[in-house]
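Structure first, then comments.
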Amino acid sequence: MKQMKWILLMGSLLGASATLSAQTQSFVKSVESVADGVWMAQTSKEVNAGWFLVGDEVIAVDAGSDAATGKELLAKIKETAGKPVRFLIITHAHGDHAGGIGPFVSAGATVICQERAAPAIAQLASREAGSKAGVVVVTDSVAFYGGSRRVAIYRVGPAHTQGDLVIYLPDDKVLFVGDVATNQKAPYMQSPDVDPRAWEQTLAKLTKLDADRIVVGHGPLGTKDALTNTLAYVHKVNELAAKMIADNVPESLIDANLHTLKEEGKTIQATPEFIANVRAAIRAEKAGAGAASTTPATSPTPTSKKKG
């Protein structure tokens with residue numbers, strides 16, 4: 001009987017512990033100020049989001065991976081900015097950045113995304129918010145003026161996906177890039193609609209912007225080095241993919257070839273992730289992703305300030 005009571009007591013304690021853990025779980029690891037009226041958050045799943053004030057309203061960038069994260073991001077926005085979210089910009093149509101759309105739409109935010117991402121984003125917004133929510137589509141660029149802040153939203157070109165958007169705050173010298181760039185992490189080049197060649201061109205354009213704080217999709221807040229380092233990585237992957245194709249390396253021997261390649265006398269660190277990215281670049285190159293994509297010209301940054 002004593003043993004039975006002990007088992008029941010332990011079961012009750014474990015159940016209470018699990019309930020307390022669920023109640024105290026945080027979906028947002030950190031929030032930091034990027035500039036006056038501009039914030040960045042890192043979620044518990046190592047995905048970044050951000051927001052900034054435009055007049056008396058807030059524009060948010062990305063929503064986290066699920067409704068619980070989206071809800072907590074909204075709470076953090078209320079704590080820091082203290083204004084309602086008018087627009088939610090989704091940088092690309094991947095679940096880790098767009099899965100938290102529901103709470104934003106339910107709270108009255110209008111979703112903005114790139115044209116090629118719109119079908120997936122609109123479907124997600126409607127499903128998660130329980131309504132037929134529409135989205136505002138950006139083909140090439142759009143600009144906002146609010147108070148003293150200028151905001152430019154660009155599709156500089158295909159890269160991580162065919163529907164990537166970047167958000168530039170020229171007066172703050174802040175650039176939100178989604179997964180077009182990472183910081184202290186390798187970029188993910190295995191999306192079905194990745195365009196590795198155009199990705200290089202896109203990053204080269206972004207390095208010319210006057211921005212010194214880069215909010216990447218994954219990793220800590222970066223400087224322009226986040227752009228140049230991602231560019232160098234993507235270039236190396238593309239270079240090796242082209243070499244594999246030129247040398248007619250069989251599929252079964254790609255891994256072995258990468259493990260034996262040397263650069264400046266040193267063997268390349270061919271991690272599983274790096275090899276997977278090279279394989280993805282080979283597939284994209286063979287499929288002619290670069291030739292099939294169109295890269296709109298970058299629109300000029302707004303040059304005048306308006307009150308509003």
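Can you give me the ranges of the strands (runs of 3 or more DSSP E) entirely in the range 1-60 with at least 1 residues that are in contact with a Phe, Trp or Tyr (Cβ under 9 Å, 6 or more places away or on another chain) and either modelled with pLDDT under 50 or loosely packed, with under 12 Cβ neighbours inside 10 Å (or both)?
It comes to 28-35.
When you go through (1) in contact (Cβ under 8 Å) with a residue 40 or more places away in the chain; (2) farther than 18 Å from VAL177 by Cα one by one for GLY108, which number turns out not to apply?
(1)
Quick check on this structure: which one of ARG155, ARG149, ARG116, ARG127 is basic (Lys, Arg), over 14 Å from the mean Cα position of the chain (by Cα) and at pLDDT 95 or above?
Answer to the selection: ARG116.
Select, from THR207, THR161, the only residue that is at pLDDT 95 or above, under 21 Å from VAL278 (Cα atoms) and among the hydroxyl-bearing types (Ser, Thr, Tyr).
THR161
Hey, ALA198 hits all of (1) in a loop (DSSP other than H, G, I, E, B); (2) more than 16 Å from the chain's Cα centre (by Cα) but one; which does it fall short on?
Looking at each condition in turn, ALA198 falls short on (1).
Every residue in the range 99-118 that is part of a helix (DSSP H, G or I) and in contact with a strand residue (DSSP E or B) (Cβ under 8 Å, 6 or more places away or on another chain), please. Step through it out loud before you land on a result.
Just the residues of the range 99-118 that are part of a helix (DSSP H, G or I), to begin with: 101-106, 115-118.
Correct list: ILE101, PHE104, VAL105, GLU115, ALA118.
I need the full set of residues from the range 71-98 which are in a helix (DSSP H, G or I) and hydrophobic (A, V, I, L, M, F, W, C), in order please.
LEU73, LEU74, ALA75, ILE77, ALA98
Taking interchain pairs and intrachain pairs at least six residues apart, which have beta carbon atoms under 9 angstrom, with the first residue in the range 215-233 and of a type in the set (Asp, Glu) and the second at pLDDT 95 or above?
Taking only residues 6 or more apart or on different chains, the pairs are ASP225/ASN183; ASP225/ILE214.
Of all residues being closer than 11 Å to PRO196 by Cα and surrounded by fewer than 18 Cβ atoms within 10 Å (Cβ to Cβ) in the range 219-241, which is nearest to the chain's Cα centre (by Cα)? Just the residue, please.
Checking each candidate, the answer is HIS235.
Against the condition of a type in the set (S, T, N, Q), in contact with a Pro (Cβ under 9 Å, 6 or more places away or on another chain) and in a loop (DSSP other than H, G, I, E, B), how does THR230 come out, does it pass? Reasoning before the result, please.
Working: of a type in the set (S, T, N, Q): yes; in contact with a Pro (Cβ under 9 Å, 6 or more places away or on another chain): yes; in a loop (DSSP other than H, G, I, E, B): no.
In short, no.
When you look at ALA68, is it part of a strand (DSSP E or B), out of contact with any Ser or Thr (no Cβ under 7 Å at 6 or more places or on another chain), touching a residue at least 12 places away in the same chain (Cβ under 8 Å) and among the small types (Gly, Ala, Ser), yes or no? Spell out the reasoning first.
Numbers: part of a strand (DSSP E or B): no; out of contact with any Ser or Thr (no Cβ under 7 Å at 6 or more places or on another chain): yes; touching a residue at least 12 places away in the same chain (Cβ under 8 Å): yes; among the small types (Gly, Ala, Ser): yes.
Spelling it out, it is not the case that ALA68 is part of a strand (DSSP E or B), out of contact with any Ser or Thr (no Cβ under 7 Å at 6 or more places or on another chain), touching a residue at least 12 places away in the same chain (Cβ under 8 Å) and among the small types (Gly, Ala, Ser).
If you take the residues of the range 258-283 that are modelled with pLDDT under 95 and among the small types (Gly, Ala, Ser), which of them is surrounded by the most Cβ atoms within 10 Å (Cβ to Cβ)?
ALA270
Test of understanding: among TYR168, TYR188, TYR145, which residue is buried (at least 21 other Cβ atoms within 10 Å of the Cβ) and out of contact with any helix residue (DSSP H, G or I) (no Cβ under 6 Å at 6 or more places or on another chain)?
TYR168
Within the range 108-117, identify whether any single residue is farther than 24 Å from LEU231 by Cα, surrounded by fewer than 23 Cβ atoms within 10 Å (Cβ to Cβ) and of a type in the set (Lys, Arg), and answer yes or no.
Scanning the range 108-117 turns up no residue that is farther than 24 Å from LEU231 by Cα, surrounded by fewer than 23 Cβ atoms within 10 Å (Cβ to Cβ) and of a type in the set (Lys, Arg).
Of the numbered conditions (1) free of Cβ contacts under 8 Å to residues at least 60 places away in the same chain; (2) buried (at least 19 other Cβ atoms within 10 Å of the Cβ); (3) outside any loop (DSSP other than H, G, I, E, B), VAL151 fails exactly one; give the number of that condition.
For VAL151, the exception is condition (1).
The values are calculated or read from the model by the stated rules, or taken from the named source; none is laboratory data. On a predicted model such as this, the values are computed, not experimentally measured, just so you know. Every residue, glycine among them, receives a Cβ derived from its backbone with ideal geometry; neighbour counts consider all protein chains shown.
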